[in-house]
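Where a number appears in this text, it was derived from the coordinates with a stated rule and is not lab data. Predicted, not measured: the structure shown is a model, and the values here were computed from it. Every residue, glycine as well, gets a Cβ built from its backbone with ideal geometry; the counts of neighbours run over all protein chains shown.
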Ligand code: HEC
């Protein structure tokens with residue numbers, strides 16, 4: 001490494017350290033709401049921690065097999081994204097979500 005490169009690197013490290021402070025972030029207000037129906041509490045408790053409820057309410061309502069779609073989504077949230085959903089809550093959540101397309 002040449003001297004000017006070392007100096008440049010040192011400068012970058014120093015300026016990075018000087019500006020590294022916690023980022024304050026206030027998420028925008030929630031705009032979607034989950035209609036009250038059997039199972040809504042399980043959905044609220046398990047599905048709104050990481051992202052807005054509009055990830056749920058904006059999914060297509062015209063799929064032939066809503067239940068298969070939502071079972072897949074819940075499984076993906078759990079297995080791929082690490083959502084801490086209890087196995088016994090999965091059927092309640094999938095029931096709610098599968099019925100949602102009819103509201
Ligand atoms: C541990 C965090 C976490 C939890 C809890 C969680 N999700 Fe997600 N979800 C994600 C991430 C990460 C994505 C992908 C975000 C992106 O692509 O921008 C996502 C995306 C989605 C999408 C968009 C379609 C897709 O497949 O990417 C839907 C629908 C969804 N989640 C539904 C749910 C439902 C229903 C629940 C409750 C059973 C839930 N999520 C709980 C992390 C979570």
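Helix 3-19 axis versus longest C-alpha principal axis of the chain: approximately 50°, rounded to the nearest ten.
A simple packing score, the average count of other Cβ atoms within 10 Å per residue, orders the peptides 25-32, 71-78 as 71-78, 25-32, with the highest score first.
The calculated 222 nm mean residue ellipticity attributable to helices in the chain amounts to -16000 deg cm²/dmol, summing -39500 (n - 2.57) over DSSP H runs of n ≥ 4 and dividing by all residues.
Per residue, the Cα convex hull of the chain amounts to 178 Å³.
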